[in-house]
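All remarks here apply to the structure that follows.
Nothing in this text is a laboratory measurement; each read-out follows from the coordinates by a stated rule. Values in this document were obtained by computation on a predicted structure and should not be read as measured data. Backbone-built Cβ (ideal geometry, glycine too); neighbour counts: all protein chains shown.
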Amino acid sequence: MTKSRVNPVRGVGHMGRTIVSKNEIKWGLSVSLFGVGLLSVGLLSVGLSIAPAQADPVDDTLVIDGKEMITRTAAPEGHPFKEVLSGWLFRTEETRALEADSFQNPAMLGVDEGAEIWETVEGTAGKSCASCHGDAAESMAGIGAHYPKWDPETKRPVNMELKINQCREKNMGAEAYKFDAREQKALTSFIKYQSLGDPMSIDLSQGDMRAWWDKGKELYYTRTGQLNLACGSCHEASMGKMIRADHLSQGQVNGFPTYRLKQQGLVSLHNRLRGCIRDTRAEMPKAFSDDLMAIEVYVTWRGTGLSMETPAVRH
Amino acid sequence: MKRTVTKSIVVGCLAVLASVPVTVAAGGAATVAPDDVAFTDLTVTAPVSAPPGDPVRGAEVFVSRSLGNCLACHEVTVLKKELFHGNVGPSLDGAGDRWSVAQLRAIVVDAKKVFGPEAMMPGFYSNHVGLHVDKEHAGKTILTADQVEDVVAFLVTLKE
C-alpha cells in the first residue's frame, strides 16, 4: 500500500511556511485547483460560487470572571496564519454563553474538585499539593500558560498532567494518575484555571524543545488513516468550513481540559487529539506518547498569544 | 447477483460487504481491483464493477455516515431533508452537468489522481491511504466497487 505524507495545505507554501491571510486560505482552496488542467474550468465556477453558511468565526468578545480574553491575536513568526483564533469564536451563541459565565460553566465543578484535591493529603510522604505549593492562586498563577516545558531529568517535554504525576510520585509518595482519571482532569483544570486570561507561550529554547516542535510539525501535516487526512487538512486548509455539523476551528489547545457538551464532562487534550486521529480511521497513539507530546508542543506554539480559557466549553 | 434481492437486504449486504476485500465482495463478478483501475486523461472510462449503478442506492451510500459520508463535506440541494451538509468541498448541485460519468468515476475512485496529491477528498476506491490505518479498515477501500458505481449513478442525476 502506498502511504502518503503529503502536505494537505493548498494555497500555502510547503509545510505551511508561507504566511497567508484567512481569506487567501479560503480562496486558496478553489484557486489551487486550477493547476489541474483539464478539469479546472468546472472547478473554477463551482469553487468561487460557494457562499458557506457559516464560514467565518464570530466577531465577539469573551469576558470571563470580569477578565477580557484574547481570542484573536497576531500569529507568531513562521505561522501559516496571520491571526490565531480561539475555538470559542467558532462555537454557537449558546455554547459561547456557557463558557462566558463561570456560574453556568459545568466544568467549574471539575475546577472545584481540583481545588479540594489540591488540599488533600495523599501518599507515603503525608503531603498534599498545598503542603509544598501553598495557595494555588499565588503559586500557580500564570504557570499553566507555559506548558509543555522541557524536563531536564527525563529529557522530554512534560505537560501539566505529567508534571502532576511527577510530583505525586516523587514528592508525595503517591501513585501517578492513570490517563484521564477524573482526578487528573480536575486537578489539571484547577491548576490551569489559575492562568485564566494569560496569553499562552512556551519556551522553545530549553533542551531539545525545537526538535520536538519540528517533529510535531511534521506530524501535523502527515496524513493518517483510511481517510488520509492530516491535522492541517481540517484545521488549516478547511478552517472555518463546516464538516457535517461541525464548524472547523484552528484546533487550538488554550481551553483544555475542556467541557464537551457531547461527552457531558471534562475532556483532556490528549483525549481530544486521539479522537481527531481516530476520525481519520487511524490507530490512536497512546496518551503522552512521543507523538502526542510532539503534537502538543507544536500545536501549543500555534496558539501563542491566545488567552488560557481553561476550562473552556465546546460542543 | 445481489442486484436481484430486495432493497433492504441489499443495504444489509452492503454493510457486510464493506468489511470484505473488494475483489471478493463482488462475488467473482467482473470487478476491477483498486490498483488496476485505469485512469486516462483524468477519467475512468470503464465501470469498476459490472452491474450498472443504481442512483437510489447511490444516494444512500452518499448520505450514510459509515459509507460515503459525502454530506460531511458537500452540500446537495436534492438531499436537503438530511441535516448537516458540510462545505469543505464544493456544492455538488449540477455535478452531473459539469462532469462526465468517466470524470465523476475518477473523482470518486481517487480524487487525488484528478485534483492532485494535495487534494483533501479521500480516495474512496483506492489503496492510497494515510499512515496507521486502524484494524477495522486496514487493507480495505472505503467503498466497494458496486458502491462506487451506485454513487456515480447518483452524481449523474445532479443536474441544474
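Details
- Difference of contour (0.36 nm per residue) and Cα-Cα distance, A:Ala125 to A:Asp56: 19.6 nm
- Peptide B:137-144 has a mean of 3 when you count, residue by residue, the C-beta atoms of other protein chains within 10 Å of its C-beta.
- Neighbour-count ranking [beta-carbon atoms within 10 angstrom, fewest first] of A:Thr300, A:Thr124, A:Thr310: A:Thr124, A:Thr300, A:Thr310
- Simple label model, 7 Å out from Cα along Cβ direction - A:Leu261 to A:Gln166, nm: 3.8
- Cβ-Cβ FRET estimate between A:Asp279 and A:Phe103, R0 fixed at 45 Å, reported to 0.05: 0.85
- Here the calculated FRET efficiency for A:Asp208 and A:Phe179, from their Cβ-Cβ distance with R0 = 22 Å, stands at 0.40, rounded to the nearest 0.05.
- Shielding score for B:81-90, defined as the mean number of other chain Cβ atoms within 10 Å: 6
- For the peptide B:109-116, the mean number of other protein chain Cβ atoms found within 10 angstrom of a residue's Cβ is 3.
- Remark: spin-label model distance B:Lys135-B:Thr157 equals 3.9 nm, labels positioned 7 Å along the Cα→Cβ axis.
- Rounded Å value of the spacing that divides the Cα centres of region B:122-160 and region B:45-89: 11
- Burial ordering of A:Arg260, A:Arg91, fewest other beta-carbon atoms within 10 Å first: A:Arg260, A:Arg91
- For the cross-link pairs A:Lys163/A:Lys262; A:Lys217/A:Lys262; A:Lys286/B:Lys140; A:Lys286/B:Lys81; B:Lys112/B:Lys135, the ones whose C-alpha atoms lie over 31 Å apart are A:Lys286/B:Lys81.
- Taking label points 7 Å from Cα along the Cα-to-Cβ direction, A:Cys132 and A:Glu83 give a separation of 4.2 nm.
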